[in-house]
Amino acid sequence: MTALSLRSPVLVTGAAGFLGSHLVEALDRDFSVRPFDVQGESVIHGSVTDRAALESAMEGVEALVIGHMAPNRAGMYDDPAIPFDINVKGAALCLQVAAERGVKRVVLISSTAVVGRDLAARRFLSRDLPPSPHGIYALTKTLQEATAAYFHEQYGMAVAMLRPAYVVSGDDLVDKYGNRKPGVDWQAIDPRDIAAAARAALLLEGLGCEAFYLVAGPEAEEHADIAYTMQRLGWRPQYRFGDFPRQAAPAASAALIQAR
């Protein structure tokens with residue numbers, strides 16, 4: 001699949017969020033970014049569940065970055081209704097409208113949660129692991145990937161499924177909720193490094209439907225196949241968290257992976 005050209009129009013969903021704002025900032029240096037979200041400043045306001053809003057925002061777009069998710073407030077992921085509406089049905093509608101508009105390249109911000117049981121069991125995260133979600137959040141991310149793979153097969157879309165671990169600032173260990181972490185394990189990833197991977201995926205020649213792990217904490221290479229990510233995308237994480245206190249990765253990480 002031919003790579004995206006520089007300055008091509010790219011729609012980014014969830015653009016006003018903690019990660020989405022970093023995606024927009026990084027991608028806007030090389031592409032004509034259309035930020036899309038239900039709230040926030042300097043964005044196209046609309047919901048991923050609103051076909052008309054997506055059709056309008058998607059007009060003339062050449063690539064799609066799916067970065068939205070149902071908010072992780074108390075109780076949100078205790079029931080599947082809202083997470084499925086936003087994370088699963090919303091992503092599917094984005095992909096359907098993109099297919100109708102002839103969009104041929106998609107970057108999906110997924111999560112290591114899709115292999116959550118292997119993560120909790122401390123298995124090496126290889127690219128050939130089957131899905132093993134634990135919890136509704138992880139299930140929605142797994143279904144997002146399955147849906148994106150379907151659109152790849154049906155419409156020939158090039159799809160990069162980025163699987164970041166826990167998203168936290170490499171400057172001060174502050175996460176998306178404003179909480180400062182006391183230490184870091186291998187699962188950490190800075191949002192700017194996720195944005196850099198998204199940029200690389202948009203520019204990658206020959207992209208099929210591929211998953212890429214994004215983790216950058218201490219000894220991350222011993223726990224996940226980021227070697228493939230680095231080789232395939234030409235990506236190197238700039239934030240490796242080496243100057244922060246170390247803490248052991250939890251054995252059971254369902255709560256952790258839900259906080260992506």
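The values are calculated or read from the model by the stated rules, or taken from the named source; none is laboratory data. These figures come from a predicted structure and were not determined experimentally. Every residue, glycine as well, gets a Cβ built from its backbone with ideal geometry; the counts of neighbours run over all protein chains shown.
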**Study point:** Filtered residue count, region 195-215, keeping only those that are among the aliphatic types (A, V, I, L, M), closer than 21 Å to residue 124 by Cβ and in contact (Cβ under 8 Å) with a residue 40 or more places away in the chain
**Key:** 3
Check your understanding: Here are 148, 81: which of them is among the small types (Gly, Ala, Ser) and touching a residue at least 40 places away in the same chain (Cβ under 8 Å)?
Key -> 148
Revision key, fill the gap. Those residues of region 141-151 which are of a type outside the set (A, V, I, L, M, F, W, C) and within 23 Å of residue 226 (Cα to Cα) amount to 141, 142, 144, 145
Point to revise | Of the criteria (1) in contact with a helix residue (DSSP H, G or I) (Cβ under 8 Å, 6 or more places away or on another chain); (2) part of a loop (DSSP other than H, G, I, E, B), which one residue 218 fails | key: (1)
Review point. Can you tell me which of 158, 198, 113 is hydrophobic (A, V, I, L, M, F, W, C) and over 23 Å from residue 27 (Cα atoms)?
Key: 113
Exercise for review: Kindly indicate whether residue 119 is among the aliphatic types (A, V, I, L, M), buried (at least 24 other Cβ atoms within 10 Å of the Cβ) and farther than 30 Å from residue 4 by Cβ.
Suggested key: yes
Point to revise | Complete set of residues in region 221-232 that are surrounded by 19 or more Cβ atoms within 10 Å (Cβ to Cβ) and without any contact (Cβ under 8 Å) to a residue 40 or more places away in the chain | key: 226, 229
**Study point:** Answer residue from region 53-80, given it is over 21 Å from residue 105 (Cα atoms) and either touching a strand residue (DSSP E or B) at 6+ places or on another chain (Cβ under 9 Å) or hydrophobic (A, V, I, L, M, F, W, C) (or both) and is surrounded by the most Cβ atoms within 10 Å (Cβ to Cβ) among those
**Key:** 70
Review point. Residue check, residue 94 against (1) over 23 Å from residue 229 (Cβ atoms); (2) free of Cβ contacts under 8 Å to residues at least 60 places away in the same chain; (3) not β-branched (Val, Ile, Thr), all met but one. Which one?
Key: (2)
Check your understanding: If we keep just the residues of region 173-194 that are without any contact (Cβ under 8 Å) to a residue 60 or more places away in the chain and part of a strand (DSSP E or B), which is farthest from the chain's Cα centre (by Cα)?
Key -> 180
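Can you tell me which residue is surrounded by the most Cβ atoms within 10 Å (Cβ to Cβ) among those in region 128-140 that are touching a residue at least 60 places away in the same chain (Cβ under 8 Å) and either of a type in the set (S, T, N, Q) or part of a helix (DSSP H, G or I) (or both)? Walk me through how you get there before you give the answer.
Taking region 128-140 as the starting set, the residues that turn out to be touching a residue at least 60 places away in the same chain (Cβ under 8 Å) are 134-135, 137-138, 140.
Next, only the ones that are either of a type in the set (S, T, N, Q) or part of a helix (DSSP H, G or I) (or both) stay: 137-138, 140.
On the way: 137: 25, 138: 25, 140: 27.
Restricting to residues being touching a residue at least 60 places away in the same chain (Cβ under 8 Å) and either of a type in the set (S, T, N, Q) or part of a helix (DSSP H, G or I) (or both), the top hit is 140.
Given 237, 250, which one is closer than 30 Å to residue 146 by Cα, modelled with pLDDT of 95 or more and part of a loop (DSSP other than H, G, I, E, B)?
So the residue among 237, 250 that is closer than 30 Å to residue 146 by Cα, modelled with pLDDT of 95 or more and part of a loop (DSSP other than H, G, I, E, B) is 237.
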Check your understanding: Taking region 141-161, which residues are within 14 Å of the chain's Cα centre (by Cα) and assigned to a strand (DSSP E or B)?
Key -> 159, 160, 161
Practice item. Scan region 101-120 and give yes if some residue there is touching a Ser or Thr at 6+ places or on another chain (Cβ under 6 Å), closer than 15 Å to residue 150 by Cα and small (Gly, Ala, Ser), otherwise no. Key: no
Point to revise | In region 95-109, the residues that are surrounded by fewer than 24 Cβ atoms within 10 Å (Cβ to Cβ) and among the small types (Gly, Ala, Ser) | key: 99, 102
Practice item. With respect to residue 156, determine if the residue is more than 24 Å from residue 237 (Cα to Cα), of a type outside the set (Ser, Thr, Tyr) and surrounded by fewer than 17 Cβ atoms within 10 Å (Cβ to Cβ). Key: yes
Exercise for review: Give 92, 99, 113 a once-over and let me know the one that is within 14 Å of the chain's Cα centre (by Cα) and in a helix (DSSP H, G or I).
Suggested key: 113
